[in-house]
Amino acid sequence: MSGNWPGGFITKTAPTVVGPVDGEGGSASGVWTLDQVADYEKQGLWPLPALDKELYAWGSNSSGRLGLGDTTNRSSPVQVGSLITWSQTACGEGFTLATKTDGTLYAWGQNYAGQLGQGNTTDYSSPVQVGALTTWSQIAAGDAHTLALKTDGTLWAWGSGSVGRLGLGNTTYYSSPVQVGALTTWAQVAAGAAWSLATKTDGTLWAWGSGGFGQLGQGNTTNYSSPVQVGALTNWYKIATGSIYSLAIKTDGTLWGWGYNDNGELGLGDITRRSSPVQIGSLTTWLTTAAGAYSSFAIKTDGTLWSWGVNGSGRLGLGDTTPRSSPVQVGADTTWSQLGPGIEHTLATKTDRTLWSWGRNNVGQLGLGNTTYYSSPVQVGALTTWFSLPQGNKNSHAVVVSKS
């Protein structure tokens with residue numbers, strides 16, 4: 001696949017010849033293998049095009065989490081301010097983060113634990129800049145804590161430090177960014193409810209915080225207040241955090257899960273918890289994955305969308321409310337691109353940059369102008385300019401999305 005990689009629009013020039021392609025044998029012109037993609041992603045070599053990117057929000061607006069300067073709920077997309085320089089977003093439980101194309105970081109919404117990084121615990125209903133730095137590159141938001149990477153590969157954390165979720169070796173709360181260790185090799189971050197997951201540029205996987213359900217992958221249920229490596233492998237590619245479980249894809253295209261599994265959210269065909277990574281099926285064609293509270297999603301290299309786990313309010317998109325303990329395909333489309341599940345609702349984009357939603361809609365979080373629940377994907381408006389979905393959307397009712 002060249003030129004348009006699901007999950008983002010890439011500008012890196014594809015190789016002239018590669019092979020074998022994803023382990024299938026042979027070679028192909030202008031096609032990336034998963035190993036090549038992972039290698040470039042780990043090095044931060046996937047620049048996004050210089051498009052104007054507006055920010056839109058809808059759903060519950062308690063604590064000002066939509067960034068619209070008030071606390072009024074919205075059931076349709078509303079633009080946040082008038083700026084066109086937004087890059088990526090992350091939704092925590094009651095608060096929102098966003099970066100701009102100039103590398104600055106902004107936050108708004110609930111702030112009782114200092115998760116907005118403002119040096120205080122004041123709620124804000126409009127975006128406020130976190131410090132003055134222009135080097136923020138990736139963000140993740142949990143229940144009451146924030147993680148962020150800088151362009152120099154350093155990792156930073158702030159907010160609630162209970163059970164060690166900040167990785168700072170203690171359980172202290174911080175209302176301003178604090179560096180996690182001294183390493184400059186962090187590549188990805190993801191935030192669970194009270195724990196954190198990250199990869200390094202060498203492909204290793206690390207976890208810290210609450211481990212009560214085995215979600216840290218350490219073979220136990222112990223809490224850790226500093227990053228600990230998950231096994232010894234160096235081929236972790238994509239990571240995702242549910243509230244208390246983990247999903248991850250390796251560079252070989254295999255999908256793995258561990259942690260809480262009382263509703264089948266690990267996709268292993270049972271409801272047994274796992275405290276170490278376990279492969280989900282035997283396929284080697286998984287491309288990206290994401291998790292809501294207890295519902296899981298993944299897209300394959302063929303563009304198909306799959307879901308499993310809790311299905312209350314139809315959040316799996318399967319046309320019913322029956323839970324699943326193994327991956328089930330959502331419809332027959334082969335053009336799914338990005339995933340943005342919330343706690344009880346789901347967002348996704350297709351390669352034509354249309355936006356779709358389904359699940360719980362009690363405060364308009366589906367963006368459809370109503371409060372009707374939908375158990376199958378429904379298109380949000382008619383636009384074909386949606387750009388990026390929230391990373392780690394732990395917010396049960398609010399959505400903040402950028403479009404160009």
| note | Ranked output for segments 184-191, 99-106 by mean other Cβ atoms within 10 Å, highest leading, reads 184-191, 99-106
| query | Which whole-Hz ³J(HN,Hα) couplings does region 234-239 yield from phi under the Karplus relation 6.51 cos²θ - 1.76 cosθ + 1.60, θ = phi - 60°, glycine and proline marked x? | reply | 10, 10, 7, 10, 10, 10
| query | Over all distinct Cα pairs, what is the inverse of the mean 1/r for region 143-261, reported as the Kirkwood hydrodynamic radius in Å? | reply | 13.8 Å
| message | Taking 8 Å as the Cα distance limit and 6 or more residues as the minimum spacing, I'd like the relative contact order of region 86-225 as a percentage. | response | 18 percent
| query | Total Lys pairs in region 50-403 closer than 17 Å by alpha-carbon, pairs eight or more apart in sequence or interchain only? | reply | 12
| In Hz, Karplus ³J(HN,Hα) per residue of region 151-164 (6.51, -1.76, 1.60; θ = phi - 60°; x = Gly, Pro) | 5, 8, x, 7, 10, 10, 8, 6, x, 5, x, 4, 6, x
| query | What order, most packed first, do the peptides 240-251, 347-358, 371-382, 311-322 have when packing is the mean number of other Cβ atoms within 10 Å of each residue? | reply | 240-251, 347-358, 311-322, 371-382
| task | Give the whole-number value, in cubic angstrom per residue, of the convex hull volume spanned by the C-alpha atoms of region 50-403. | result | 113 Å³
| request: Order the peptides 289-300, 128-139 from the highest to the lowest mean number of other Cβ atoms within 10 Å of their residues. | output: 289-300, 128-139
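From the square roots a ≥ b ≥ c of the eigenvalues of the alpha-carbon gyration tensor of region 274-381, which class results: rounded (a/c under 1.5), prolate (a/b over b/c), or oblate? Each step should come with its number before you reach the end.
On the way: a/c = 2.06, a/b = 1.35, b/c = 1.53.
Oblate shape, in that a/c is at least 1.5 and b/c is the bigger or equal ratio.
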| query | In terms of modelled amide H atoms, which long-range or inter-chain residues lie less than 5 Å from the amide H of S76? | reply | G59, G369
| query | Taking the Cα-to-Cβ direction at V278 and at D102 and moving 7 Å from each Cα, how far apart do the two end points lie in nm? | reply | 5.0 nm
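Computed from the coordinates by the stated procedures, all read-outs in this text should not be read as laboratory data. Note that the structure is a prediction, hence the values are computed from the model and not measured. Note: ideal-geometry Cβ built from the backbone for every residue, glycine included; neighbour counts use all protein chains shown.
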